[in-house]
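Written out below as structure tokens is the structure these notes cover.
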Amino acid sequence: MSFVLCPLNTIAVLRELAGVNPTNVAEPRYGKAYDALGGGAAGREACIALDSLCAMNSIDTMIANFIKPLQTLSDSDGRVHCSLNLNTETGRLSSRRPNLQNQPALEKDKYKIRDAFRAGPGKKLIVADYGQLELRLLAHITECQSMISAFHIGGDFHSRTAMGMYPYVEEAVKKGEVLLEAGEEDQNGGGGRNKKIPLLKDVYAVERRKAKVLNFSIAYGKTAHGLSQDWGVTVVEAKQEIDAWYRDRPEVLDWQKNTIARANELGYTRTLMGRYRM
């Protein structure tokens, strides 16, 4: 049997038919193919098959972009040396032959591509990363008071975002039914030492996950339509989540609107460091 890789517009149609993660036994979200085949085992099997077909494109991308370059561009010692471009339009470094800046995330690296990177004899690899750098910059640029306050307090920023988005989550925190951080004291007193209070991220995992997605998505301009595709919900439901995020961060929305208006008027924007972007 032979397969032909599908163009992106066809993949979007197949994804709509398959659903989002239909193999999840606990919480399957089947697509349109499920009802079209009358549900049951036949509908489930169809959705899983279509989901596998969608995955073929990502597997091909993984092989072409990550695995083959490491195999073909290594030197006689098995080491890989990329080319770095310093003169980019955005001011960031870019990497090519191969692109070592773009490797699969740890949680998505099911083919263990990152295991190919080893330190030389007598050396160590050091992993370092800024903590939520984009969100801290967004808070600074927009002067968003709720974000700045959350960063000053510290701890789990995404849990604090969820608390600001969902009144019932905030109420649960105020009542001491859940804790924002591990090791927090019972806010209401009254025997908190003797009873184990769960964390917000455990009890309201769905809300926190949505808050985390929104924290990063909105910073990069993702729309309600895009989120509805990611979450498998209607555009109206996705917009309600976005509106809830903005309610606690009106400065971000004002900054985004003003930036777009200024770009339309002047024909360019400028970065925090003064770089012009047409």
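The values are calculated or read from the model by the stated rules, or taken from the named source; none is laboratory data. In this text the structure is predicted, and so the values were computed from the model without any measurement. With ideal geometry, Cβ positions are generated from the backbone for all residues, glycine too; neighbour counts draw on all protein chains shown.
Numbers for the structure displayed
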| quantity | calculated |
| --- | --- |
| Wholly within the range 140-203, helices (runs of 4 or more DSSP H) carrying at least 1 residues that are modelled with pLDDT of 85 or more and basic (Lys, Arg) | 157-165, 167-174, 200-203 |
| Flag for GLU27 being outside the structural domain of GLY232 (by TED's automatic domain parsing) and surrounded by fewer than 14 Cβ atoms within 10 Å (Cβ to Cβ) | yes |
| Sole exception among (1) within 18 Å of the chain's Cα centre (by Cα); (2) within 22 Å of THR271 (Cα to Cα) for PRO104, by number | (2) |
| Residue pairs meeting the criteria (Cβ under 6 Å; at least 6 apart or on separate chains; first part of a loop (DSSP other than H, G, I, E, B), in the range 18-36; second among the aliphatic types (A, V, I, L, M)) | PRO22/ILE48; THR23/ILE48; GLY31/LEU17; GLY31/ALA18 |
| Identity of the residue in the range 84-95, modelled with pLDDT of 85 or more and within 24 Å of the chain's Cα centre (by Cα), that ends up farthest from ARG275 (Cα to Cα) | SER95 |
| Qualifying positions in the range 225-278 - over 30 Å from GLU16 (Cα atoms), free of Cβ contacts under 8 Å to residues at least 60 places away in the same chain, outside any helix (DSSP H, G or I) and not hydroxyl-bearing (Ser, Thr, Tyr) | GLY267, ARG270, GLY274, MET278 |
